[in-house]
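Below: the structure, in structure tokens.
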Amino acid sequence: MKRQTLMLWTLMILGGTAGWAPAVQVTFRVNMSVQMAMGRFNPDTDLVYLAGTFNNWSTTQDLMVRNPSNPDVWEITLDLPAGTWPNYKFVMLRAGTGFAWETRDNRWFQVPSSDTVLDVVYFDDITEVVTNRQPVTFQVDMSVQIANGVFDPAVGRLAVSGDAIDDWANQGTHLLTPTPTNEALWAGTFEITARVGATVNYKFIMDGMWESRPNRTFVMTNEPIVLPVVYFNDVTNPAVPIPVTFSVHMGVAVARGWFNPETDFVEARGSFLTTPGGAWVGGFQLTNSPANPYVYTGTFLTTNQAPGSVMLYQFVINGATWETTGDRTWTFANTNAVSLPLAYLNNVTSLGPVSLQVRDSGRVELQWEAGPRVRLQTAPALEGPWTDVPETEGAGSWSGPPGGAMRFYRLIGP
């Protein structure tokens, strides 16, 4: 019996099976009274959602409802595993302007072992109506973007958007214009409402393309503010030709059936290949080699990057299926040739976990996410020898007797 128990525990470790935890009811509550008083939230037309690690940060899944006994408070009750540490934020969906997230850091707590009602908090931790309103002047030097042919000052649009500016809505209401004496220097002055000492986050948007750098910030005062001149995306040097080598490992994608090397192709797309207005166009097709058939590579000579600039890119299958993990980034330190780190499509580097169950009959059942080229292997020791378990390629489960000796199992692809 001890040997069988050891064998099953080993399977659980190798398969990555998580421990079971009971679910408890957790009630989240947020006070929206200040947002209503400031005109940022209309209870008749706007909605409040709860987004967090428990729902993959979905802004449509967990809709909060107004408390009938306290109309300032919106609430929702969820079943969460005890002992876990969820991160979350409250999100407003405002009619006509879209989603407005809390700008503070993620909220978090440890789920207790029994049902609980969390304390009421204020949206974005703003507990009183902010009356401090000051003119703030933004200035951007667009000379490099103009010289690189990315921005046409005759028809281009440059806007600023941020949390205290427009809730990141970018509705075109905060447009900068060229100054009378310098068409490359764009500026705009806008009334901003924020409490004294608050940090205001913002970015500039050129012809619909947001800066790829981290948020810019300034600290609000009780006097008019003139911010210093900055370069769009902090690019201060004209573009020069730079060879960039892209590499992506498609082995997991092949095993799971996302990519067929016989009929499909993979491209790199991004800000290294754009229209004059900055929109991504076309794609640079990557190729594999007989020596390493699942690694696709290619070198592209980009002519719109410079030291200090940030390149955005993704890998795309068949010109249509984009990565779901968001844009990848690379900052150019100089003009030397660049070999980007080897990436996996969607950053998926494994074939997934294996779960273990022991049936009443004593048989062991293993389950995993099926893929056309995924199969199960077994070995008497971690160092092998590993052999295929028959009839498991393309399947998602296998069951058999526990046997009399310890066994190891793993998933393997092509």
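Bear in mind that the values in this text are calculations on the coordinates, not laboratory data. What you see is a predicted model; the values in this text were computed from it and never measured. Please note: Cβ atoms are built from the backbone with ideal geometry, for glycine as well, and neighbour counts cover all protein chains shown.
A few points about this structure:
- Sparse-neighbour loop sites [trypsin sites (Lys or Arg not before Pro); region 328-391; at most 12 other C-beta within 10 Å; DSSP]: 359, 363
- Rounded to the nearest whole Hz, the Karplus-based 3J(HN,Hα) values (6.51 cos²θ - 1.76 cosθ + 1.60, θ = phi - 60°) of region 100-109 follow the sequence 10, 7, 4, 8, 6, 5, 3, 7, 7, 6, with x at glycine and proline.
- The angle between the Cα long axis of helix 2-15 and the main principal axis of the chain comes to about 30°, on a 0 to 90 degree scale.
- Each of 355, 58, 114 was scored by other Cβ atoms within 10 Å of its Cβ. Listed from fewest to most, they are 114, 58, 355.
- For the chain, the relative contact order works out to 14 percent when only alpha carbon pairs closer than 8 Å and six or more residues apart are counted.
- Efficiency of FRET from Cβ geometry, residue 27 and residue 405, R₀ 56 Å, rounded to 0.05: 0.65
- Convex hull projection area averaged over all views, region 242-282, Cα basis, nm²: 3.9
- Alpha-carbon spread of region 21-125, three principal axes, descending order, Å: 42, 29, 21
- As a ratio to 2.2 N^0.38 Å, the alpha-carbon radius of gyration computed for the chain takes the value 1.25.
- Considering only the Cα atoms of region 133-234, their convex hull presents on average a projected area of 6.2 nm².
- Two-site FRET efficiency, residue 226 against residue 369, from Cβ-Cβ distance with R₀ of 51 Å, rounded to 0.05: 0.35
- For residue 374, distant residues with modelled amide H under 5 Å away: 394
- When you filter the GluC sites (Glu not before Pro) in region 234-333 for DSSP loop state and at most 15 other Cβ atoms inside 10 Å of their Cβ, you are left with 262.
- Taking 15 Å as the cut-off, the amide N atoms of region 265-309 that come nearer than this to a point 7 Å along the Cα-to-beta-carbon line of residue 337 belong to 297-302.
- Relative contact order of region 149-285, taken over Cα pairs closer than 8 Å and 6 or more residues apart, is 21 percent.
- Between residue 265 and 318, the built amide H atoms are under 5 Å apart, and every one of these is 5 or more places off in sequence or on another chain.
- A quarter of the convex hull surface defined by the alpha-carbon atoms of region 216-353 gives 12.0 nm² as the mean projection.
- Distance between the pseudo-spin-label points of residue 291 and residue 391 (7 Å out from Cα toward the beta carbon): 4.2 nm.
- Residue-by-residue Karplus 3J(HN,Hα) for region 129-142, coefficients 6.51, -1.76, 1.60, Hz, glycine and proline x: 5, 8, 10, 6, 10, 9, x, 10, 9, 9, 9, 10, 8, 9
- HN-Hα J in Hz across region 319-326 - Karplus 6.51, -1.76, 1.60, θ = phi - 60°, x for Gly and Pro: x, 9, 9, 8, 5, 8, 8, x
- Considering only 90, 63, 329, the residue lying farthest towards the positive end of the dipole of the chain is 329, judged by Cα position with unit charges set on Cβ.
- Placing R0 at 35 angstrom, the Cβ-Cβ distance between residue 265 and residue 116 gives a FRET efficiency of 0.10 after rounding to 0.05.
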